[in-house]
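Colleague: The structure is given below, and queries will be raised subsequently.
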Amino acid sequence: MKEIEVKSRAFTYRILIEAGCLERCGEMIRKVSDSKRAVMISDDNVWEKYGSIAETSLKKMSFAVDSIRIKPGEGSKTIDCFTKVCEELGNLKVLKDDLIIALGGGVVGDLAGFVAAVYMRGLNYIQIPTTLLAQVDSSVGGKTAIDLPQGKNLIGAFHQPLLVITDPELLSTLNKKQLKQGMAEIIKYGAIKDKELFKKLEQYGSIEGALLHMEEIIYRCCDIKRSFVEQDERDNGERRKLNFGHSFGHAIEKIGNYTLHSHGEAVAMGMNIAAGIGMKLGITDAETGKRLTQILNAYELPTQVQSNYKDIVRHMAIDKKNDEKGLKLVLLKNIGQSLLYTIAEQELENILEDVLDDILELIV
Ligand SMILES: NC(=O)c1ccc[n+]([C@@H]2O[C@H](COP(=O)([O-])OP(=O)(O)OC[C@H]3O[C@@H](n4cnc5c(N)ncnc54)[C@H](O)[C@@H]3O)[C@@H](O)[C@H]2O)c1
Ligand SMILES: [Zn+2]
């Protein structure tokens with residue numbers, strides 16, 4: 001079993017990673033909680049596949065278990081769904097000492113985490129992430145949130161889990177589209193912080209190749225996220241490097257109305273743009289840009305961008321992380337080394353036009 005200790009302001013918690021460990025989740029949770037009762041929050045897909053395995057293990061360790069099921073997908077990260085889950089907790093007469101367990105992908109983790117942060121002013125909760133994205137990203141760091149019609153993740157709280165239990169075997173039932181969401185983040189970690197991980201991903205050469213080494217990959221990604229989160233729990237400085245590819249990616253997602261491109265695809269395009277911008281500014285060396293494009297292609301992630309440069313900058317200009325000096329970008333120096341860079345809106349627009357032309361020319 002691989003273990004990572006995450007030190008947060010409130011307490012230190014562990015991420016446990018081992019293939020097949022879902023069957024023993026009860027034992028692992030018992031070591032950190034003496035609650036009599038656990039309420040599992042999951043979505044219908046995940047519950048059908050894995051609910052009973054987790055429930056059996058919890059019952060073996062004398063937890064009384066209840067479950068609340070939500071519909072799969074981003075559509076459940078709403079105020080309505082949040083209210084329904086809280087009302088169910090009320091109906092179940094859940095008390096302050098009871099435990100919430102999020103069993104699912106990032107949607108379940110964000111919603112259940114937010115419920116745990118605010119129901120009765122906060123209950124303890126455990127993350128059992130079941131998608132690759134959740135295992136390498138959303139289950140670590142304590143950010144919880146729901147969406148508003150006006151934007152994603154607009155209501156949220158920082159609330160750290162008591163424990164994260166990660167079973168890479170659960171990935172065997174994910175489809176390729178969902179795996180790619182996680183792969184984009186994994187490539188991001190290598191690019192911004194870990195050249196050895198990046199090199200390994202190059203050697204594995206494909207999603208299928210990487211799947212054979214997932215325990216190690218998840219461990220390294222969680223450890224990188226841990227290091228950023230520990231330095232900057234509230235996301236005011238260093239942690240922003242985790243946004244590599246994301247400011248462009250969010251704009252691309254919005255332009256496509258969240259239907260044209262998935263988050264992972266948009267982030268992949270965003271990372272490729274960021275490398276292009278870095279090269280134009282003389283910050284990123286050409287070899288680094290080339291390796292990034294190649295690895296995205298190898299993992300079947302898109303690198304070509306059809307969106308208009310003016311639209312991209314317009315959407316980026318409303319990011320809450322910007323200030324009067326300009327827009328905040330994360331750029332690469334080389335593979336494994338990243339930096340924060342502020343750029344004026346007009347300058348970005350001028351450079352981006354060239355970068356997008358270059359990217360399009362590369363395909364022809
Ligand atoms: N809190 C954070 O720090 C953070 C970071 C990144 C992303 N997020 C959030 O994560 C969300 C996206 O998460 P996601 O990509 O995991 O999506 P998701 O939770 O919607 O899961 C994707 C789909 O996979 C299914 N699924 C989950 N596990 C499965 C399994 N093992 N086998 C088969 N099917 C399975 C789900 O039912 C769902 O249909 C977004 O809302 C995003 O905002 C949060
Ligand atoms: Zn992301």
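The values are calculated or read from the model by the stated rules, or taken from the named source; none is laboratory data. Here the structure is a predicted model, which means the values were calculated and not measured. Positions of Cβ are backbone-derived with ideal geometry, glycine not excepted, and every protein chain shown enters the neighbour counts. These area figures cover heavy atoms from the full protein model, side chains too; ligands, DNA and RNA do not enter into them. Shrake-Rupley method; radii C 1.70, N 1.55, O 1.52, S 1.80 Å.
Colleague: Taking the stated definitions as given, is ASP137 in contact with a Gly (Cβ under 8 Å, 6 or more places away or on another chain) and farther than 25 Å from ARG9 by Cβ?
Modeller: Criteria not met by ASP137.
Colleague: Here's another thing I want to ask about it. Would you check which residues across region 198-213 are in a helix (DSSP H, G or I), among the aliphatic types (A, V, I, L, M) and open to solvent by 10 Å² or more (accessible area, probe 1.4 Å) and list them?
Modeller: Selection gives LEU211 alone.
Colleague: Is there a residue in region 319-331 that is surrounded by fewer than 16 Cβ atoms within 10 Å (Cβ to Cβ), of a type outside the set (Val, Ile, Thr) and at pLDDT 90 or above?
Modeller: For region 319-331, residues surrounded by fewer than 16 Cβ atoms within 10 Å (Cβ to Cβ), of a type outside the set (Val, Ile, Thr) and at pLDDT 90 or above: absent.
Colleague: Count, please, the residues in region 241-255 that happen to be open to solvent by 30 Å² or more (accessible area, probe 1.4 Å) and under 13 Å from the mean Cα position of the chain (by Cα).
Modeller: The number of residues fulfilling the criteria is 1.
Colleague: Now, a different point. What pairs come out if I take residues in region 174-190 that are farther than 24 Å from VAL229 by Cα and open to solvent by 50 Å² or more (accessible area, probe 1.4 Å) and pair them with residues that are away from ligand 2 (no atom under 13 Å from the Cβ) and assigned to a helix (DSSP H, G or I) whose C-beta lies under 8 Å away, six or more apart or interchain?
Modeller: LYS176/ILE207
Colleague: Among the residues of region 115-170, count how many are more than 15 Å from ligand 2 (Cβ to nearest atom), surrounded by 24 or more Cβ atoms within 10 Å (Cβ to Cβ) and outside any strand (DSSP E or B).
Modeller: 7
Residues checked against (1) more than 16 Å from ligand 2 (Cβ to nearest atom); (2) among the small types (Gly, Ala, Ser); (3) in contact with a Ser or Thr (Cβ under 7 Å, 6 or more places away or on another chain):
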site	(1), (2), (3)
GLU5	yes, no, yes
SER8	yes, yes, no
ILE17	yes, no, yes
GLU23	yes, no, yes
GLY26	yes, yes, yes
ASP34	yes, no, no
ASN45	yes, no, no
TYR50	yes, no, yes
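Colleague: Among the candidates GLU48, GLU87, GLU23, single out the residue that is part of a helix (DSSP H, G or I) and either more than 16 Å from ligand 1 (Cβ to nearest atom) or in the same structural domain as VAL229 (by TED's automatic domain parsing) (or both).
Modeller: Testing whether each residue is part of a helix (DSSP H, G or I) and either more than 16 Å from ligand 1 (Cβ to nearest atom) or in the same structural domain as VAL229 (by TED's automatic domain parsing) (or both) leaves just GLU87.
Colleague: On to the next question. For ILE277, work out the one condition from (1) open to solvent by 10 Å² or more (accessible area, probe 1.4 Å); (2) more than 22 Å from ILE15 (Cα to Cα) it doesn't fulfil.
Modeller: For ILE277, the exception is condition (1).
Colleague: Let me ask something else about it. Hey, any hits in region 256-270 for a residue that's assigned to a helix (DSSP H, G or I), open to solvent by 20 Å² or more (accessible area, probe 1.4 Å) and more than 15 Å from ligand 1 (Cβ to nearest atom)?
Modeller: no
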